[in-house]
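So the structure is just underneath, and the comments pick up after that.
FYI, it's all coordinate maths here, none of it is from the lab. This structure is a prediction, so every number in the text was calculated from the model and none was measured. As a convention, Cβ positions derive from the backbone with ideal geometry for all residues, glycine included, and neighbour counts pool all protein chains shown.
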Number of protein chains: 2
Amino acid sequence: MTDIPTFQDIQLAHKRIAAHIHRTPVLTSTGINAITGAEIFFKCENFQKVGAFKYRGATNAVLSLAENEASKGVATHSSGNHAAALALAARNRGIRSYVVMPRTAPRPKIEAVRHYGGEITFCEPTLQSREETLKAIVEKTGAYIVHPYDNFWVISGQGTAVLELLEQSPALDVVMAPVGGGGLLSGTALAAKSVNPSLKVIGCEPALADDACRSFKSGNLIPSVSPKTIADGLLTSLSERTFTIIRDRVDDILTVSEESIVRAMFLVWQRMKIIIEPSSAVPVAALLDNQGLFAGKQVGIILSGGNVDLFHLPFQEG
Amino acid sequence: MTDIPTFQDIQLAHKRIAAHIHRTPVLTSTGINAITGAEIFFKCENFQKVGAFKYRGATNAVLSLAENEASKGVATHSSGNHAAALALAARNRGIRSYVVMPRTAPRPKIEAVRHYGGEITFCEPTLQSREETLKAIVEKTGAYIVHPYDNFWVISGQGTAVLELLEQSPALDVVMAPVGGGGLLSGTALAAKSVNPSLKVIGCEPALADDACRSFKSGNLIPSVSPKTIADGLLTSLSERTFTIIRDRVDDILTVSEESIVRAMFLVWQRMKIIIEPSSAVPVAALLDNQGLFAGKQVGIILSGGNVDLFHLPFQEG
């Protein structure tokens, strides 16, 4: 299926996954509002199961499979939150999950996948090795591949976060979400523009991994070339499908520096007492760097995840 | 006033401060429930204004003063969250606040008090110097002293956290709170036992600062002698008043090691993606160390605060 989900698909996804996910809270911060001059509503997907919004899309995909599709398990290649999310979603359905991870994946990520019962196969840290290894596993097991973002059900599932946010904070003027492969941003744009066509949807991206911004501005899909950013959830490139959705429905894409990301992450930790990963700090950084755009507005920010290595934090005393 | 607050005093305190404080959320964690075998409800006072429950008591005290008592400002000596809480509560009433802090207080704490408009006088890091400096300020300014815990209104205000918790999670079997000077624990016990006399109230204390536990077990107030614990909010000793309340109404006091505190703090950060300070981790540690006592029970834990120095965390990779 290479289709684009409709609003109804996202509503059905929410019904399908509602009993399995956390309806995450929306938090506000008087202090950060005062700094930015905006009124910000933080949708805390860092509190989602497995610590990231990815659990929405993975759960929707696993629950959407027909019995004969699901029976041989699911498979993916990912070094990040999608792998853990798929492993837990599969375990909850009682099916197996096969995860291809690069040998170089951080230990906490490997442990998370194992913790949720994912069966890991290590590969070389190249896209070619990932894809070949995944292909071999699927040939052997017959498992169903659930791509981290170029997947109809995954995009539909990611769109459910903003559905909830708009129920929890109905008067938003703007919604901001990070963009890597575009699953979250495209699901967000599909859902948000259906609820309220005048709601602005802004994608936020590290300047050092700005393929979505360059694709959006040029109108042509430009893949990422060796991106290198602290926002490790945003290293992937858009697919044709996520690019099409974003091009047609997103209002703008802003990019931010690595320094801005770390500063925004620190601000949220310090003022809000919540743990967000660098990818989540990207929209916060975009807001802090572009205050003129958001002053006086009600802004929703999807805090995409909270999985960080607590032994190696990027904060520098200054 | 050296009285002991009644339940009505705590209810009135809640009415008085409700518009000024955050009604903090109660979070749960499937992962920590699985580890402990209990069903835990975390009352997130780390999300309270100034990052700690102390804002409840300070606000109640400042708002309870008559106009002539309040007009010359308020004063306290504190190196911790009470100082910031009193400064903000005073600013919100439009009165001055004078805070005596030891020269050695950590920079983030000094900055917090300044940030909220408190006027700081530094003293030597001894109780004698603190008290003499405070006395001199009060003689000069006529400010009203608001003690961090040995104060009728402060105790009443701290009791409002568990009032909310019992509205949010009405079926609790046990409530756990840390104990330092005893303001939070005595307010908690007064409120909790009034709502439900069969609800167990457990105080939790670092073994290296176990004056409350020793006082409780012996029946006599035993002050702390040079306590040294990472839980920097729990260094103070009980007062006669907080001791009396705790002796008569608390069911038990459990002590925990420094290692247990750091382990519990790490677990909450990692699994719940929220930032708690070491003092908040003390009840979590007591639960983890005494699982037999709590298995199958609904346990409320008051997470007292979230003010930590993010540049100097105690976590060790192992």
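Near the amide H of B:Ile145, within less than 5 Å, lie the amide hydrogens of B:Ala75, all on another chain or at least 5 residues away, with H placed in the peptide plane. For the peptide A:24-33, the mean number of other protein chain Cβ atoms found within 10 angstrom of a residue's Cβ is 1. DSSP finds beta bridges in chain A, and of those with both partners inside it, around 10 percent are antiparallel.
Projecting 7 Å from Cα along the Cα-to-Cβ direction, the label point of B:Lys72 sits 8.5 nm from its equivalents in the other copies, listed shortest first. Computed from point charges on the beta carbon alone (+1 for Lys and Arg, -1 for Asp and Glu), the dipole magnitude for the range B:82-199 about its Cα centre is near 400 Debye.
Here the peptides A:234-240, B:204-210, B:178-184, A:19-25 are ranked by packing, the mean other Cβ count within 10 Å, and the order with the highest first is B:178-184, B:204-210, A:234-240, A:19-25. Computed from label points 7 Å out along Cα-Cβ, the spacing between B:Ala66 and A:Ser218 is 7.6 nm.
Looking only at other chains, what is the average number of their beta-carbon atoms within 10 angstrom of each beta-carbon in A:43-55?
Values: counts 0, 4, 1, 3, 6, 1, 2, 0, 4, 1, 0, 0, 0.
Mean shielding count: 2.
Computed about the Cα centre, the dipole magnitude for the range B:55-145 is approximately 260 debye when only Lys and Arg (+1) and Asp and Glu (-1) carry charge, each at its Cβ. Here the dipole of the protein assembly as shown is about 560 debye; that uses its Cα centre as origin and unit charges on the Cβ of Lys and Arg (positive) and Asp and Glu (negative).
Can you list, bin by bin at 10 Å, the percent of alpha carbon pairs in the range A:55-145, starting at 0? Result, from short to long distances: 20, 53, 26, 1 percent. For chain A, the Cα-based Rg and Dmax, in that order, read 18.2, 58 Å. Values of log10 I(q)/I(0) for the protein assembly as shown across q = 0.07, 0.10 Å⁻¹ run -0.47, -0.91, by the Debye formula with one identical scatterer at each alpha carbon and no solvent. A Förster distance of 45 Å, applied to the separation of the beta-carbon atoms of B:Leu293 and B:Thr104, puts the FRET efficiency at 0.75. The amide H of A:Val100, built 1.01 Å from its N in the peptide plane, has A:Thr76, A:His77, A:Ser78, A:Thr121 as neighbours under 5 Å, considering only residues 5 or more places off or on other chains.
As a calculated quantity, the FRET efficiency between B:Asp248 and A:Ile35 at R0 = 56 Å, using C-beta atoms, amounts to about 0.75.
I'd like the mean, over residues of B:128-141, of how many other protein chain beta carbons sit within 10 Å of each residue's own Cβ. Don't skip to the end; give the middle numbers.
On the way: counts 0, 0, 0, 0, 0, 0, 0, 0, 0, 0, 0, 0, 0, 0.
Mean partner shielding for this stretch: 0.
A:Arg91 label point (Cα plus 7 Å toward Cβ) to equivalent points in the other copies: 4.5 nm, shortest first.
Across identical copies of the chain, B:Arg23 has label-point separations of 1.6 nm, listed in ascending order, with the point defined 7 angstrom from Cα along Cα→Cβ. Summary of the geometry: the range A:23-68 and the range A:104-162, compared by the centres of their Cα atoms, lie 21 Å apart. Measure out, as a whole number of angstrom, how far apart the alpha-carbon centroids of the range B:269-318 and the range A:184-200 sit. After rounding, the separation between the Cα centres reads 38 Å.
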